[in-house]
1. With (1) part of a helix (DSSP H, G or I); (2) within 30 Å of Gln302 (Cα to Cα); (3) open to solvent by 20 Å² or more (accessible area, probe 1.4 Å) as the list, and Leu338 as the residue in question, which single condition is left unmet?
2. Go over the candidates Arg117, Arg158, Arg128 one by one and state the one that is at pLDDT below 85 and under 16 Å from the mean Cα position of the chain (by Cα).
3. What's the total number of residues in the stretch 316-335 that are part of a helix (DSSP H, G or I) and surrounded by fewer than 21 Cβ atoms within 10 Å (Cβ to Cβ)?
4. Filter the stretch 381-398 down to the residues that are farther than 22 Å from Lys127 by Cα and crowded, with 18+ Cβ neighbours inside 10 Å and list them by number.
5. Residues that are at pLDDT below 95, under 19 Å from Val528 (Cβ atoms), open to solvent by 30 Å² or more (accessible area, probe 1.4 Å) and of a type outside the set (D, E, K, R): does the stretch 301-315 have at least one?
6. Within the stretch 15-25, does at least one residue satisfy the condition of being in contact (Cβ under 8 Å) with a residue 40 or more places away in the chain and in a loop (DSSP other than H, G, I, E, B)?
7. State whether the residues of the stretch 295-304 include one that is closer than 20 Å to Asp214 by Cβ, in a helix (DSSP H, G or I) and over 26 Å from the mean Cα position of the chain (by Cα).
8. Which of the residues belonging to the stretch 41-94 are within 16 Å of Ser26 (Cα to Cα) and open to solvent by 70 Å² or more (accessible area, probe 1.4 Å)?
Amino acid sequence: MEELSTPPVPSEAPPMAKLKVAGAWSGVLEVALDTWTVQMLRAEVARRSNGCDPTRINLISGGKVLKDGDSTLVQLGLKNNGKVLATLTADSGKTKEIEEEAMKAKDEEEHAKKLTRIWEAAKSMSKRHSDGSFPLDDYNIELEDQNGKKVMFAESDRRALMMGLMLHENAKGLIRKNNYKDALDVLTMAEEAFSLCDQKVLKLIDNVPILQLDMVWCYFMLRDISCLTVAGTRLERARKGFESSHGKDSARFRALQAGRQADLALYLRLELLEGVVSYHNGNFEKAQQSISSAQIKFNQLQVPDEALVLLMGMGYKERSAKRALRLAGQDVPAAVDLLVEERDRKTRRVEENLKRRDEIMEQKQYGKTPNNKAVDMEKLKELASIGFERYLAAEALRINENDIEMALDVLTDPEKNCGLQSIMESRRKRRNTQTTPVTEFTAATTDALMPAVIPEPVTSAVSNLEQGGPSSGPTAPDVPEGEVLFSGGGEERDAEMEDELANELTGDPLADYDIDVTKEGEALSEYVALLNSVMGQSL
């Protein structure tokens, strides 16, 4: 009699991971990193590359050529969502094609690296400038409203807003250079950064709807009809976002703007794009309504020569005069008021930046807290206002991690106060006997401010630290023994990319609304003609 055997239990399938392949074949492969070898990966890439000979496929990851052997992919250092570059060795008649593919793959890899650098730099800067970390930069990023007043949020929201604003500004620079494809990638990152912020906060500002509008503008300038569906969704979000932040019929926005129609160009672009989407969806009647409304706004934004001559006769430059007239709805007195306000704002900014420069220099002289934070200057001012010596109060805050209650306890206790002074005096004497000079700090000139956000607008501002002389702070800073003044604490930084992001910031609270509508005018003419040909009538 035959014995019944128990069938073998199938082993559990190894977990699958994703590898992003570019070059000879571009796409995403699902692989088992624990079991797959280079030969298996090469064979799969070759199969997907029109079935070419696997021996012609070269695989590169992390700058290293992957060679055949018994090692698995995970042993070679490949991880989930890792990137692999696949190149083809040349054969007769295909050398040029292969070179082009390799160049394209290289460009894609460089672009991916650039995006990663932009994201990491924005993330690093937002963290340093929002959590009180020891200042490493010669500028300061702050969130302000349109009147230049600081706006405070929870640290997580503050960081998300800073990142979103910096990335959005970087993308707008690419749009100005007509680099719409790269701008879309950065705008997508900015959208992700904003998504980390509390939605209640985002409803009060109009940066997110402006970002949605900028993304659809990039779709349009790239003539990417495939994005019609997502374009319509983004435009709906933009309109709802504007209504939430600006108020119904822009009532809240214009109240904050003293009745000026500074948002007219935004709504021109919004209605133009709504008309374009409606046209390509076959809704010609709705397209006609949107295009007609956009055309009216376009005409309202055309600067009359007589008004321009009048303002230029008052001594204003042509560009400034045109901008003021557009933002003020061609009202000359309102335009003059706007120009005066902007001049006063710039004057205040210079004064505040000079003051902030000295404050940063003084702050750096006090050294770091145990957790690598800077001394809280607001708390220092509070302690100094009740009669404590600044250098002593700063040290009390520093050693107590900016806890003002604990610092007060040290300062008001005679024994602790005396001990603190003795320690600081000892440090000063030891430092004076050291032969190694203390690193000096020189402020660099940086003119960078993030664009305004309304209503109760928020702007991420970078102080303009002019070249200057010695700080107005203590002349004999007291830092822990062995600590170098102004040290960055060993933090790895992409200084080049951070400077690029900082230098793109303008601080102009009206920059988002100052749009040159020339391209919009050309698009209006194009779609008016298209609608006329379809509907057989003039708009």
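The values are calculated or read from the model by the stated rules, or taken from the named source; none is laboratory data. Source: prediction; values computed, not measured. Ideal geometry is used to build each Cβ from the backbone, glycine not excepted, and the neighbour counts take in all protein chains shown. With ligands, DNA and RNA removed, areas are computed over all heavy atoms of the protein, side chains included. Shrake-Rupley method; radii C 1.70, N 1.55, O 1.52, S 1.80 Å.
1. Among (1) part of a helix (DSSP H, G or I); (2) within 30 Å of Gln302 (Cα to Cα); (3) open to solvent by 20 Å² or more (accessible area, probe 1.4 Å), Leu338 violates only (3).
2. Numbers: Arg117 fails: at pLDDT below 85; Arg158 fails: at pLDDT below 85.
None of the other options fit; the residue is Arg128.
3. Of all residues in the stretch 316-335, those part of a helix (DSSP H, G or I) come to 318-327, 332-335.
This time we only want the ones that are surrounded by fewer than 21 Cβ atoms within 10 Å (Cβ to Cβ), so: 318-320, 322, 332-334.
Total meeting the criteria: 7.
4. The initial filter retains those residues of the stretch 381-398 that are farther than 22 Å from Lys127 by Cα, namely 381-396.
The answer is Leu383, Phe388, Tyr391, Leu392, Ala393, Ala394, Glu395, Ala396.
5. Filtering the stretch 301-315 for residues at pLDDT below 95 gives 301-315.
Going one step further and asking which of them are under 19 Å from Val528 (Cβ atoms), we end up with 301-302.
Keeping just the survivors that are open to solvent by 30 Å² or more (accessible area, probe 1.4 Å) gives 302.
Checking the rest, the ones that are also of a type outside the set (D, E, K, R) come to 302.
So far as the stretch 301-315 goes, yes, one or more of its residues are at pLDDT below 95, under 19 Å from Val528 (Cβ atoms), open to solvent by 30 Å² or more (accessible area, probe 1.4 Å) and of a type outside the set (D, E, K, R).
6. Restricting attention to the stretch 15-25, the residues satisfying the condition of being in contact (Cβ under 8 Å) with a residue 40 or more places away in the chain are 17-25.
With the extra rule that they be in a loop (DSSP other than H, G, I, E, B), the set shrinks to 24-25.
Yes - at least one qualifying residue is present in the stretch 15-25.
7. Of all residues in the stretch 295-304, those closer than 20 Å to Asp214 by Cβ come to 297-298, 301.
Checking the rest, the ones that are also in a helix (DSSP H, G or I) come to 297-298.
Then keep just the ones that are over 26 Å from the mean Cα position of the chain (by Cα); that gives 297-298.
Yes: the stretch 295-304 contains one or more residues that are closer than 20 Å to Asp214 by Cβ, in a helix (DSSP H, G or I) and over 26 Å from the mean Cα position of the chain (by Cα).
8. Within the stretch 41-94, Arg47, Arg48, Asn50, Asn81, Lys83 qualify.
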